[in-house]
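Take a look at the structure set out below.
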Amino acid sequence: MKKRILVSIMVIGVVGALAGSSTMALFNDSETSADNSFQAGELDLKVDWEESYNGEHVETQELTNDPGAIFDFKDIKPGDHGEATVSLHLKDNPGWIWMNINETSNWDNSCTEPEHEAEGSCGSKGELQDKLEFVIWSDDGDNVRQDDENIIFEGTADELREEKGVLLDGNPSTDDKEAFPGSETGYIGVKWKVPLETGNIIQGDSVNYDIKFYTEQRRHNDNPSNPWTDDKEEGNESDGDNGDDSEKPDEPENPEEPEEPEEPENPEDPQNPEDPEDPKDNETDYTANQGDKEVEISPISGNKTVEELYDFRLPDRFDHDNQAQNGATYPEDGPYYQSAGTENLQQQETSIMFLYDGPDGLSFVVVHDKAGGDGGSATWEITGLNESGNWVVKDDLYLSSNGEKASTNYDNWDVNSSTQTIDWTWGSGGTDGGAFKPLDENFSFTIDPAFNEDSELYEEFYDGEIDNWQVLSGDMNNPDRTNLDLTEEVTLQAQ
């Protein structure tokens, strides 16, 4: 700054000299504001909690920003209850805090006789989430809800999940929700219970959740928005679809017609041999025959193996080095007990079957029903399947840790003789079916079906019926569907 002033004085002096004026000396002064800086504040959330179960203290968690499970109970019964007072600590700055409960699994792990009688049927999906009740309130840290402390949520676990996040209250003494103060401790109480009148309907059921806390600054943020709403998720995630609203490039107004190739002057010239034989003439035809009805079918094609296409998933507790040889995977996420890979082909109350042409050759695939229906049952006797092939997917077949068929696995797979018999039964949360590969070049096999009341396991474990039986053909995304008689044999063959 001083240099700039001296330069200015010099320039003024020169100008004065040129003008023939006398030299001027002006009053001047300067001040300097040194060491200006900007530093972002901190907003760091940490939690701890105290927990009780049926009135007895069971856990105290020290302050952490990497919490494990708050609730972990393996043998709850009607009448059980518990409470956790969660402490929320924000470093330095006030902030809004949201809480979300995200269901990661929900299973009807067994079907005891009392449960079956209480439900009328059992499904893959349990009922515990509909019976487990929560109350969440702004607490003052004493682990007990007073009348003047605001209730943030009250309802079932399923209703809390559907909320997709609740805004917590940092000041229990006021009617309106407020942000949590910085460098102070805020508290929420979370109480759960299983009503005494629940009864046998939840026997063996299990449900797992992730409980998430999210904070954002209070300053310049009077109306915080839910971080788990669809609008925000759509901004951060992509399903890979380009959407129908994207603009397409303009087409030329007068596109030029491509010129037709000139005919050779001498078609007998050896440089212009006759058209080779159409390769389609050598393609194998495939048919499904039922009585007098013959249906031509084209295999559905894809780049995945048939196991990957079917995508049969089971919980990892049944992962025993694939002793079951069922073609299943055991991922952290479901959907379990069903064909996750053929969901776009499935229809409720409908059994589908099709040929699949993949990297390992030709396979046969069957999928019964679609998750969300009432379940069902089917028994098939199959004759003529080639000995060189195997059922590489067996839905359902899974074992317990001792190598025996699990107690909740009711399907029977008798496929080690010339006549193979499979008994399937499934609940509302799953499907059944399987995949056989490879099929011989000149295969021919016959299915003798027994659906619903004609099946071996009808209403023994699950209710529900199959109304349609279809053979699919052609395109993976929009196949042709031909309805078959549920009671007559069908022969699939290559010609």
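The values are calculated or read from the model by the stated rules, or taken from the named source; none is laboratory data. Keep in mind the model is a prediction, meaning the values are calculated, not measured. Cβ: placed from backbone, ideal geometry, glycine included. Neighbour counts: every protein chain shown. Just the protein is used for accessible areas: all its heavy atoms, side chains included, with ligands, DNA and RNA removed. Shrake-Rupley method; radii C 1.70, N 1.55, O 1.52, S 1.80 Å.
Tell me, yes or no, whether the range 378-386 has at least one residue that is at pLDDT below 90, open to solvent by 50 Å² or more (accessible area, probe 1.4 Å) and out of contact with any Phe, Trp or Tyr (no Cβ under 7 Å at 6 or more places or on another chain).
No: zero hits.
Kindly evaluate GLU127 against the criterion of being touching a residue at least 60 places away in the same chain (Cβ under 8 Å), within 31 Å of the chain's Cα centre (by Cα) and open to solvent by 20 Å² or more (accessible area, probe 1.4 Å). Don't jump to the end; show me each part of the working.
Numbers: touching a residue at least 60 places away in the same chain (Cβ under 8 Å): yes; within 31 Å of the chain's Cα centre (by Cα): yes; open to solvent by 20 Å² or more (accessible area, probe 1.4 Å): yes.
Considered against the rule, which asks whether it is touching a residue at least 60 places away in the same chain (Cβ under 8 Å), within 31 Å of the chain's Cα centre (by Cα) and open to solvent by 20 Å² or more (accessible area, probe 1.4 Å), GLU127 comes out as yes.
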Matching residues, the range 420-437, being surrounded by fewer than 24 Cβ atoms within 10 Å (Cβ to Cβ) and among the acidic types (Asp, Glu): ASP423
Qualifying residue in the range 297-308 (condition: crowded, with 20+ Cβ neighbours inside 10 Å, among the hydrophobic types (A, V, I, L, M, F, W, C), on the phi < 0 side of the Ramachandran plot and assigned to a strand (DSSP E or B)): yes
Residue list for the range 194-209, filter: loosely packed, with under 15 Cβ neighbours inside 10 Å and assigned to a loop (DSSP other than H, G, I, E, B): PRO195
Criterion violated by GLY373 - all others in (1) assigned to a loop (DSSP other than H, G, I, E, B); (2) over 27 Å from the mean Cα position of the chain (by Cα); (3) surrounded by 15 or more Cβ atoms within 10 Å (Cβ to Cβ) satisfied: (2)
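Tell me, which strands (runs of 3 or more DSSP E) wholly within the range 81-170 include 1 or more residues that are hydrophobic (A, V, I, L, M, F, W, C) and over 27 Å from VAL58 (Cα atoms)?
Values: elements: 81-90, 95-108, 133-139, 151-156.
In the range 81-170, the matching strands (runs of 3 or more DSSP E) lie at 95-108.
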Filter result for GLY79 (among the small types (Gly, Ala, Ser), touching a Leu at 6+ places or on another chain (Cβ under 8 Å) and loosely packed, with under 14 Cβ neighbours inside 10 Å): yes
Tabulated pairs, the range 334-352, first acidic (Asp, Glu), second open to solvent by less than 20 Å² (accessible area, probe 1.4 Å), C-beta under 8 angstrom, 6+ apart or interchain: GLU349/ASP369; GLU349/GLY373; GLU349/GLY376; GLU349/GLY464; GLU349/ILE466
Output for the range 420-438, where each listed residue is in a loop (DSSP other than H, G, I, E, B) and small (Gly, Ala, Ser): GLY427, SER428, GLY429, GLY430
Exclusive hit being more than 24 Å from ASP448 (Cβ to Cβ), open to solvent by 20 Å² or more (accessible area, probe 1.4 Å) and outside any strand (DSSP E or B), set SER417, SER401: SER401
Any chance THR185 is over 27 Å from the mean Cα position of the chain (by Cα) and open to solvent by less than 40 Å² (accessible area, probe 1.4 Å): no
Any hit, the range 343-364, residues being buried (at least 19 other Cβ atoms within 10 Å of the Cβ) and farther than 23 Å from ASP480 by Cβ: no
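Which residue, of LYS212, LYS191, is at pLDDT 90 or above, assigned to a strand (DSSP E or B), within 19 Å of TRP98 (Cα to Cα) and open to solvent by 70 Å² or more (accessible area, probe 1.4 Å)? Before you say what the answer is, go through the steps one by one.
On the way: LYS212 fails: at pLDDT 90 or above.
None of the others qualify; the one that does is LYS191.
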